[in-house]
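Undergrad: Have a look at this one.
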Amino acid sequence: MNARNTTTEPGTAGPDLAGPDLAGPARGRRISRTAAAGTLLGTVALLIASCGGTSDAGSQPGAGTGPVRGGNLNFAISVDRGCIDPQQVGNNDAIAVARQTVASLTSQDPKTGEIVPWLAEKFEANKDATSFTFTLRSGATFADGTAIDAQSVKTNFEAIKALGAKATLGSTYLSDVSGITVKDPKTVVVDFAKPNAQFLQATSTFTLGLLSPASAKLSDADRCAGKFEGSGPFTVKSYTVDKEAVLERREGYAWPAATNSNKGEVYLDTVTFKIIPEAGNRTGSLQSGQIDATAAISAADIKLFDGNGFWKETRANPGVVYNLYSNESTPKLKETAVRQAISKAINREEITKTLLTEADQPAKGVLSHTTPFFKDFSELLKFDPDGAKKLLDDAGWKPGADGIRAKNGQRLSFSVTYWQSPKEVLELVQQQLKAVGIDLQLKFTTIADVTAAQANKDYDFSYGNLTRSDPDVLRTVFGANTARGGSNLRPALPVDTTLGEQAAALDKNARQRLVDQAQEALIKDAHSIPLYELSTTISASEKVHDLKFEASSRLDFYDAWLSK
Amino acid sequence: MLRYVGQRLLQGAFVLWAAYTVSFFILYLLPGDAVSIMASGDEQNAVDPALVAKLRSEYGLDRPLYEQYFIALGRALQLDFGISIKNGVAATRSVAEVLPETIKLAAAGFALAVLLGSALATAATFSRNPWVRQALGSLPPLGIAVPTFWIGLLLLQLFSFRLRLFPAIGNDGAASIVLPALTLAIPTAAVIAQLLSRSLRQTLGEPYIEQVRAKGASEALINFGHALRNAAIPTLTMLGILVGNLLAGAVVSETVFSRAGIGRLTVTAVNSRDIPVVQTLVVLAAVIFVVTSLVVDLIYPLVDPRINIGKTAKA
C-alpha cells in the first residue's frame, strides 16, 4: 500500500495492524497447534501456522501426517443465484466457488493486511495514487494454455468495465479507470482519473481475478454457467444450477500467492459445492458425514461442531460492520442528538452475548477488527442509556403517555426494512431503544423489498454490512461525494473530504491518521451506528485440513487436504 | 366430441393468456426489480446507480409498462419468454433443464399418494373393527394438517441422519428420490383418502349395493368390483387440484431435500424478481392445469358410461 515500499517483502507487518486484537488469542492457539504437529513436519506446520489468518477461534486439528493428495471435499453452500463467474458475482456463496478458479495480480496477507505478489511479481504506484504499474511473473498460463501476459490483464479489466452493473464489485473498483497501457508483454499500467489508493487491494480480490482473453468474448450467460477458462488452482468441472458446482485440480498450476503454504498443484482432486438451502439439512448432513465442511451453520447449531470429530474456525469479515444507516434527509434523523442517543442506547455486548456465537464480536468501530487500518473506538460506543435519555431530554424530546418520546406532536418513531438474519438482532435493538423512549418499527422481509425501499429512498434506517479488506470501504458506504451519494443520504460534510484524502494517501501513517479521523467523525456524529461484526465460521469434519480464510474472509481451498 | 375438444382448447388458450397477463402485472406491482437486486449482492449496495440505470434500460425495464407487456406477449406467442435477468440464460431453457427432475419427483409422489391414499381409504372403510376404522379414519385430517415442511424434516432426521438409509441431498440415483417423493405423497395421499373414504361410505349406502349383495356377491366383489369403481369418480374430479397440490408441494420438498427442480427455480426466480423465468413457470403451470382437467373430462365416460361429454358441453 506504500508507494515506495514496492512489495517484494511479503509479510512486513504494518505496525498499525499488529494490535492485540489481531494477533493475541489467535496466535496463542496457533502455537499449540504447531506443537501438536510434531517435529517431522515442523517446517510445514510452521508455514501453515504463519499463513492461517487472524482467526478468533482457530481449532483446526493438527496434522498427523503431511498434506495428502487426493479425494473429493463436499462443501455445502446455501444459495445459488445461477452464476459462478468471478467477475460478475457478489454474493458470498458464489464467491466461495468463484475465488478458487482465478488467480489475482496480488494477494493480501490476512494477518497484516499487506499486499503481496501473486501473478504480479512486482507492483508500484505513483505518488498521487493515480497510476499503478504491474510486472507479471513468467510461466503462468490460463486453463486454455494461453499465457497470462500484460495484454490479457488489459482485456480482463476492460471486460469488467463493459459488464457495468453486472460486475457487482469490480465495477466499483474500476470506476475511475482512465486508461490501461500495455508497456511490454510483462508490464501493464492502469491509470485513474482520481487518486485511488484502494486499487492495489482491489487487485487481490477474486473479482479482479483473471480469465482467459477467449473467455472475455463469451456471452455473460456462458460465463455465469462456468464455461470460462480461469487462471486459478481449480477449474470448473461441472456446474448444475440449484444442485452443485464441481471444481477439479488444475494440472500444472505453479504460481501460488505468496501467502499460501502449498507451492504446486492443489491436494484435492475435486471440491463439490453442494447447494443446500435448508439450515437443518446442512447441520444434519455435516453431522452424518454427507458433507465434509460448510460455512453456513446457523448460530444456534454451531456448538454441535466444537470437538466430537469436528472443528470450527471463525473470522470476522473485514470491512464495514453491521450498521443502522440513518436516512438523514428525514427531519428527525437529521438531528445529531437523536442519532447519538440511538447509538448510546444500544447495548452491543448484549447482542453478541445473547444472540450470536461466542466467537462473534460487538462493533468496536465502523470497521471490523480484521480490516487493515482498524482502530478500536469502543470508548465511543459504550452502552449509556442515561446519556441517551439526557441527550433527548435536552433536545426537547419528552416521554409521552405510551413511554415513547415526542416533540411538537411528532413521535420519536422510526422504521427499518431488512432481510438479514438473525432477525432477532434488530428485535433486541428495538427493545433496547424502547427503554429510552424510542420506537423502532421492524419490517423483516425479502431482499427484493429491501432493495426497492433503498432505491426509492423510502426508509428511516437501512441495515447491512459491506465486506472489503480495505478502509476505502468507508467511502464506498458513507461517502456523500461518491456516485451513490452514501447510505446516509446527506449533503457532503468535512468527513467526506477526509474520506477523499484517505483514498489518495499511499503513505501508511498518513492513511492511518486519515482513516482514524474519518471513523471518529462518523461515530461521534452517529452517521454510523455500528452494531456487530459479521463473521464467517467454517465448520468441518476432522478429516478436513487447512481450509483457510483469505484476507477478505473468503474461503481458500488451495492448501486444503483430506486425511484418509 | 371433436367440437367439444375444440371448445375446451379455446378455453385453455384464454386461461393461458389470462395467467400470463395477471402474473405480468402482479410481478410489476411487487416492489423491487431484478436488476437492482442483482446489483446489490448480499450486502450494502455499492454499485453506481448510473450503471444500474443503464442495465435496466438494456433489459427494456425503463419502457412504459404497456409497451413492455405487448413486446413480451408478442415474443411469448412465439414461445420466446425472454432471458433470465440474473444469468442471461433463456428462461425456457432454465425451466426445461430442471423440469424432468420435477416430473420424476411428482410422478413418484403421485403414484405413492394414490397407493397410500386408496389403501388407507379402503382399509378405513371396509375394516370390521370399529377401533381400527376410527384410528385409520383420523389419519387423513392429520396428514392434511401437518405442514409438508415438517414432514420432510422428520423424514430427513430419521431415515437420512440417523438410520443413514437415504441421502439427504441431491438428485442422483433412485435412492435420492424416496424421501422427497414420500414427503410430497403424504399430504396428497391424505386428500385422496379423505375424499375416497367419504364417497365409499356414501356408495355403500346406495340401494344397488343391497341388490348386488342380495344376488349373492361376495363382500370383496361388492367392495372392490362395485363400490370402489363408483366411488372413484368424485376423487377423479379432484385430480386437477391434486396436481396443483403436487406442484406446490414440490417447492417445499425440493427445498428441504436440496433437489434441483422447478419448485426451487420458482422460489429463486420470485425472490430475484426474474420476471421472464417466473412467467415461463406460470404459463407452464397453467398448461398443466388445462391439460389435466381436459384429460379428466375425457376419461369420465370410460369410468362411468352414464356421463356423456357431448351433452355436458351443450348444457
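The values are calculated or read from the model by the stated rules, or taken from the named source; none is laboratory data. The structure displayed is predicted, hence computed values, not measured ones. Methodologically, a virtual Cβ is constructed for each residue, glycine included, from the backbone with ideal geometry; neighbour enumeration extends over all protein chains shown. What goes into the accessible areas is simple: the full protein's heavy atoms, side chains included, and nothing from ligands, DNA or RNA. Shrake-Rupley method; radii C 1.70, N 1.55, O 1.52, S 1.80 Å.
Undergrad: So A:ASP301 clears everything in (1) in contact (Cβ under 8 Å) with a residue 60 or more places away in the chain; (2) touching a helix residue (DSSP H, G or I) at 6+ places or on another chain (Cβ under 6 Å) except one condition, right? Which one?
TA: Every listed condition holds for A:ASP301 apart from (1).
Undergrad: Continuing with this model, one more query. Go through the stretch B:11-70 and count every residue that is farther than 18 Å from B:ASN271 by Cα, in a helix (DSSP H, G or I) and within 14 Å of another protein chain (Cβ to nearest Cβ).
TA: 9
Undergrad: Here's something else I'd like to know. A:SER238 is checked against (1) open to solvent by less than 10 Å² (accessible area, probe 1.4 Å); (2) within 14 Å of another protein chain (Cβ to nearest Cβ) and fails just one. What number does that condition carry?
TA: That leaves (1) as the condition not met.
Undergrad: Here's another thing I want to ask about it. For A:THR497, which of the numbered conditions (1) at positive phi; (2) open to solvent by 10 Å² or more (accessible area, probe 1.4 Å) fails to hold?
TA: Evaluating A:THR497 over (1) at positive phi; (2) open to solvent by 10 Å² or more (accessible area, probe 1.4 Å) leaves (1) as the failure.
Undergrad: Give the number of residues within the stretch A:509-534 that are open to solvent by 30 Å² or more (accessible area, probe 1.4 Å) and touching an Asp or Glu at 6+ places or on another chain (Cβ under 8 Å).
TA: So the answer is 1.
Undergrad: Of all residues in the stretch B:56-96 being polar (S, T, N, Q) and surrounded by 17 or more Cβ atoms within 10 Å (Cβ to Cβ), which is farthest from the chain's Cα centre (by Cα)?
TA: B:GLN68
Undergrad: In the stretch B:253-305, which residue that is of a type in the set (S, T, N, Q) and within 14 Å of B:THR237 (Cα to Cα) is farthest from the other protein chains (Cβ to nearest Cβ)?
TA: B:SER293
Undergrad: Here is a check on your reading of the model: is A:ASP449 in contact (Cβ under 8 Å) with a residue 60 or more places away in the chain and either open to solvent by 20 Å² or more (accessible area, probe 1.4 Å) or within 14 Å of chain B (Cβ to nearest Cβ) (or both)?
TA: no
Undergrad: Next question. May I ask you to list the residues in the stretch B:266-291 that are closer than 26 Å to B:LEU10 by Cβ, of a type outside the set (A, V, I, L, M) and open to solvent by less than 20 Å² (accessible area, probe 1.4 Å)?
TA: B:GLN279, B:THR280
Undergrad: Going by what's in this entry, would A:ALA225 be described as in contact with a strand residue (DSSP E or B) (Cβ under 8 Å, 6 or more places away or on another chain), at negative phi, open to solvent by 20 Å² or more (accessible area, probe 1.4 Å) and within 12 Å of another protein chain (Cβ to nearest Cβ)?
TA: Answer is yes for this residue.
Undergrad: When you go through (1) exposed (fewer than 13 other Cβ atoms within 10 Å of the Cβ); (2) within 12 Å of another protein chain (Cβ to nearest Cβ); (3) among the charged types (D, E, K, R) one by one for B:ARG3, which number turns out not to apply?
TA: (2)
Undergrad: In this structure, is A:GLY403 assigned to a loop (DSSP other than H, G, I, E, B), under 20 Å from A:ASP460 (Cβ atoms), open to solvent by 10 Å² or more (accessible area, probe 1.4 Å) and free of Cβ contacts under 8 Å to residues at least 24 places away in the same chain?
TA: Answer is no for this residue.
Undergrad: If A:SER178 meets every condition in (1) within 10 Å of chain B (Cβ to nearest Cβ); (2) open to solvent by 10 Å² or more (accessible area, probe 1.4 Å) apart from one, which number is that one?
TA: For A:SER178, the failing item is (1).
Undergrad: When both residues are 6+ apart or on different chains and their Cβ atoms are under 7 Å apart, which pairs have a first residue that lies in the stretch B:74-101 and is within 7 Å of another protein chain (Cβ to nearest Cβ) and farther than 13 Å from B:THR266 by Cα, and a second that is open to solvent by 20 Å² or more (accessible area, probe 1.4 Å) and of a type in the set (D, E, K, R)?
TA: If the second residue must be open to solvent by 20 Å² or more (accessible area, probe 1.4 Å) and of a type in the set (D, E, K, R), the pairs left are B:LYS86/A:ARG81; B:GLY88/A:ASP220.
Rundown of residues vs (1) over 25 Å from A:GLY70 (Cβ atoms); (2) of a type in the set (Phe, Trp, Tyr); (3) within 23 Å of the chain's Cα centre (by Cα), yes/no style:
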position: A:PHE273; (1), (2), (3): no, yes, yes
position: A:ASN281; (1), (2), (3): yes, no, no
position: A:SER298; (1), (2), (3): yes, no, yes
position: A:TRP311; (1), (2), (3): no, yes, yes
position: A:ASN323; (1), (2), (3): yes, no, yes
position: A:VAL338; (1), (2), (3): yes, no, no
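Undergrad: Tell me which of these A:SER298 doesn't satisfy, since it passes every other one: (1) more than 10 Å from chain B (Cβ to nearest Cβ); (2) within 15 Å of A:SER421 (Cβ to Cβ); (3) touching a strand residue (DSSP E or B) at 6+ places or on another chain (Cβ under 8 Å).
TA: Every listed condition holds for A:SER298 apart from (3).
Undergrad: Tell me, yes or no, whether the stretch A:410-423 has at least one residue that is surrounded by fewer than 20 Cβ atoms within 10 Å (Cβ to Cβ), more than 14 Å from chain B (Cβ to nearest Cβ), at pLDDT below 95 and under 26 Å from the mean Cα position of the chain (by Cα).
TA: Within the stretch A:410-423, one or more residues are surrounded by fewer than 20 Cβ atoms within 10 Å (Cβ to Cβ), more than 14 Å from chain B (Cβ to nearest Cβ), at pLDDT below 95 and under 26 Å from the mean Cα position of the chain (by Cα).
Undergrad: Does B:ILE241 count as among the β-branched types (Val, Ile, Thr) and buried (at least 24 other Cβ atoms within 10 Å of the Cβ)?
TA: Here the answer is no, as B:ILE241 does not meet what is asked.
One line per residue, one yes/no per condition, for (1) modelled with pLDDT under 95; (2) open to solvent by 40 Å² or more (accessible area, probe 1.4 Å); (3) in a strand (DSSP E or B):
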{"residue": "A:ALA300", "(1), (2), (3)": "yes, yes, no"}
{"residue": "A:VAL321", "(1), (2), (3)": "no, no, yes"}
{"residue": "A:TYR325", "(1), (2), (3)": "no, no, yes"}
{"residue": "A:LEU333", "(1), (2), (3)": "no, no, no"}
{"residue": "A:THR352", "(1), (2), (3)": "no, no, no"}
{"residue": "A:ALA359", "(1), (2), (3)": "yes, no, no"}
{"residue": "A:GLY365", "(1), (2), (3)": "no, no, no"}
{"residue": "A:HIS369", "(1), (2), (3)": "no, no, no"}
{"residue": "A:GLY387", "(1), (2), (3)": "no, no, no"}
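Undergrad: Tell me which residues, restricted to the stretch A:99-129, are of a type in the set (Asp, Glu), surrounded by 24 or more Cβ atoms within 10 Å (Cβ to Cβ) and more than 19 Å from A:LYS263 (Cβ to Cβ).
TA: Matches in the stretch A:99-129: A:GLU114 only.
Undergrad: Exactly one condition in (1) of a type in the set (Ser, Thr, Tyr); (2) more than 14 Å from every other protein chain (Cβ to nearest Cβ); (3) over 22 Å from A:ASP128 (Cβ atoms) is not met by A:SER462; state its number.
TA: (2)
Undergrad: Could I ask something else about it? Scanning for something closer than 30 Å to B:ASN271 by Cβ and assigned by the TED database to the domain that holds A:GLU550, does the stretch A:249-269 turn up at least one residue?
TA: No, the stretch A:249-269 has no match at all.
Undergrad: Then there is this: If a residue must be assigned to a loop (DSSP other than H, G, I, E, B) and more than 7 Å from chain B (Cβ to nearest Cβ), how many such residues does the stretch A:79-93 contain?
TA: Looking only at that region, the number is 8.
Undergrad: Mind listing whichever residues of the stretch A:540-564 are of a type outside the set (Gly, Ala, Ser), out of contact with any helix residue (DSSP H, G or I) (no Cβ under 8 Å at 6 or more places or on another chain) and open to solvent by less than 10 Å² (accessible area, probe 1.4 Å)?
TA: Across the stretch A:540-564, the qualifying residues are A:VAL544, A:LEU547, A:PHE549, A:TRP561.
Undergrad: Here is a follow-up. Looking for something under 23 Å from A:SER175 (Cα atoms), open to solvent by less than 50 Å² (accessible area, probe 1.4 Å) and touching a Pro at 6+ places or on another chain (Cβ under 8 Å) - is there at least one such residue anywhere in the stretch A:456-467?
TA: yes
Undergrad: Which of the numbered conditions does B:ALA53 fail, given that it passes all the others? Conditions: (1) more than 27 Å from A:SER175 (Cβ to Cβ); (2) small (Gly, Ala, Ser); (3) open to solvent by 20 Å² or more (accessible area, probe 1.4 Å).
TA: Every condition holds for B:ALA53 apart from (1).
Undergrad: Could you check, for the stretch B:151-163, whether at least one of its residues is open to solvent by 40 Å² or more (accessible area, probe 1.4 Å) and of a type outside the set (A, V, I, L, M, F, W, C)?
TA: yes
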